[in-house]
Amino acid sequence: MNKSIVLVCAAVVALSAVAVGSTFCVQTFTIYGKTAGEHGALMWDVFIGGECESTTSYCLFLGNARPYLLTTTGSAKDVFPEFLSENRPEKSKTLRSSESKYFISKGVYVTPPPPDSTFQRKFGKVINDGGGNAWDWYKACPVNCSDYPVFFGTDAKLVYEYQGGLYKNYAFSQVIFFPKSKYLVLVIDQPTRAVGSDSMHGLLVYKLTGKEVSK
């Protein structure tokens, strides 16, 4: 049989297998807000659609050397807003992109990391070796496994990283800043899909420490 025909047939079989096995477990993050103060609590939900349909609620207690994370199954959309309204919610502002720059204040901004041209090839190898998602990527990856946002005009400390997200070659879908306490929430839009067309979006929380960040 002609080699080109063999390759086309193999590709059709592979695509058919993906279509049949697709679960479309796509994550959607809902950020409810944060209580006021350095030691405030940040609250959000993660809804996963498709065949994995589920919702998990997260409450991250900030300000300590190791932030404490509380999770519960099910949406807290009827609980978190009420709790925030009764416990001094901190005002936030949603940052918009200007040529991939998200300005926090004048001269202070954050951007996604530069793209890694080797990532797709390496992730494809993980898939070919039997892996399927971000967890498998991190198990197989020896070095340079995650790329983090780049900050200009300020110092920033990563205080929380959502597990299950793939932090390579991504954009931001939401950027929320809490000016009083100087916490920044970045919801990661990861275009690369896991096996089954599952998403691998993420969430990062930073504490900005530069004096240049205005209140």
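Within segment 144-163, residues that are over 12 Å from VAL185 (Cβ atoms) sit with their Cβ atoms under 7 Å from residues that are surrounded by fewer than 13 Cβ atoms within 10 Å (Cβ to Cβ) and among the small types (Gly, Ala, Ser), at 6+ positions apart or across chains, in these pairs: GLY153/GLY107. Looking only at residues in segment 55-71 that are without any contact (Cβ under 8 Å) to a residue 24 or more places away in the chain and surrounded by 13 or more Cβ atoms within 10 Å (Cβ to Cβ), the one that is nearest to SER181 (Cα to Cα) is PHE61. Within segment 19-55, being in contact with a Ser or Thr (Cβ under 6 Å, 6 or more places away or on another chain) and among the hydroxyl-bearing types (Ser, Thr, Tyr) holds for SER22, THR55. Picking from residues in segment 177-197 that are under 14 Å from the mean Cα position of the chain (by Cα) and among the charged types (D, E, K, R), the one that is modelled with the lowest pLDDT is ARG193.
Restricting attention to segment 170-208, which residues are small (Gly, Ala, Ser) and either without any contact (Cβ under 8 Å) to a residue 40 or more places away in the chain or over 18 Å from ALA36 (Cα atoms) (or both)? Give the derivation first.
First, pick out the residues of segment 170-208 that are small (Gly, Ala, Ser): 171, 173, 181, 194, 196-197, 199, 202.
Once the filter is applied, which keeps residues that are small (Gly, Ala, Ser) and either without any contact (Cβ under 8 Å) to a residue 40 or more places away in the chain or over 18 Å from ALA36 (Cα atoms) (or both), segment 170-208 yields ALA171, SER173, ALA194, GLY196, SER197, SER199, GLY202.
Counting residues in segment 164-176 that are on the phi < 0 side of the Ramachandran plot and modelled with pLDDT under 95 gives zero. Say whether the condition of being closer than 16 Å to THR154 by Cβ, touching a residue at least 24 places away in the same chain (Cβ under 8 Å) and exposed (fewer than 14 other Cβ atoms within 10 Å of the Cβ) is met by at least one residue in segment 107-124. Yes: segment 107-124 contains one or more residues that are closer than 16 Å to THR154 by Cβ, touching a residue at least 24 places away in the same chain (Cβ under 8 Å) and exposed (fewer than 14 other Cβ atoms within 10 Å of the Cβ).
Looking across segment 165-215 at every residue that is in a loop (DSSP other than H, G, I, E, B) and among the basic types (Lys, Arg), the one that is surrounded by the most Cβ atoms within 10 Å (Cβ to Cβ) is identified as LYS168.
The values are calculated or read from the model by the stated rules, or taken from the named source; none is laboratory data. Everything numeric in this text was worked out from a predicted model, so none of it was measured. We place every Cβ from the backbone using ideal geometry, glycine too, and count neighbours over all the protein chains shown.
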